[in-house]
């Protein structure tokens, strides 16, 4: 049996990935936000994760349990069966009680949470 190569369209631009993820950032400072988004993208590239979308949380009250952006994130995790990547758990909230409650909501989706390890050489190179 011969295969006509005209019918084979390999996708060289998209690497094969084992995991689809959403990046989540809460940083009101635009420079910090750019750095955090870049660190998430690099982490995903290094681990061959497909970064499907990023969620930039601009809610000023970072100590509230419910925020529209966070609710939207939980909905995506539930419906799209995607895991979560964030720079650190402080991005969930500055209040440890709220962090715990938000982690409980994420855990209820049965999705995994990946925290980007700190890379000092990357930080020194700038955002």
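Each reported figure results from applying straightforward, stated rules to the coordinates on display, with no laboratory input. Quick caveat: nothing in here was measured; it's all calculated off a predicted structure. Methodologically, a virtual Cβ is constructed for each residue, glycine included, from the backbone with ideal geometry; neighbour enumeration extends over all protein chains shown.
Points worth noting:
- Gyration tensor verdict on region 68-117 (Cα atoms; rounded if a/c is under 1.5, prolate if a/b is larger than b/c, oblate otherwise): oblate
- Ranked 73, 103, criterion: other C-beta atoms within 10 Å, fewest first: 103, 73
- Residues 40, 22, 31 arranged by fewest to most Cβ contacts within 10 Å: 31, 22, 40
- Modelled FRET efficiency - R0 25 Å, residue 79 with residue 42, Cβ distances, 0.05 increments: 0.40
- Gyration tensor verdict on region 18-125 (Cα atoms; rounded if a/c is under 1.5, prolate if a/b is larger than b/c, oblate otherwise): oblate
- Order of 91, 26, 58 - criterion: other Cβ atoms within 10 Å of each residue's Cβ, fewest first: 58, 91, 26
- For the pair residue 88 and residue 20, label points projected 7 Å from Cα toward Cβ lie 3.1 nm apart.
- Legend: calculated FRET efficiency, residue 100 to residue 53, from the Cβ-Cβ distance at R0 = 22 Å, rounded to 0.05, equals 0.30.
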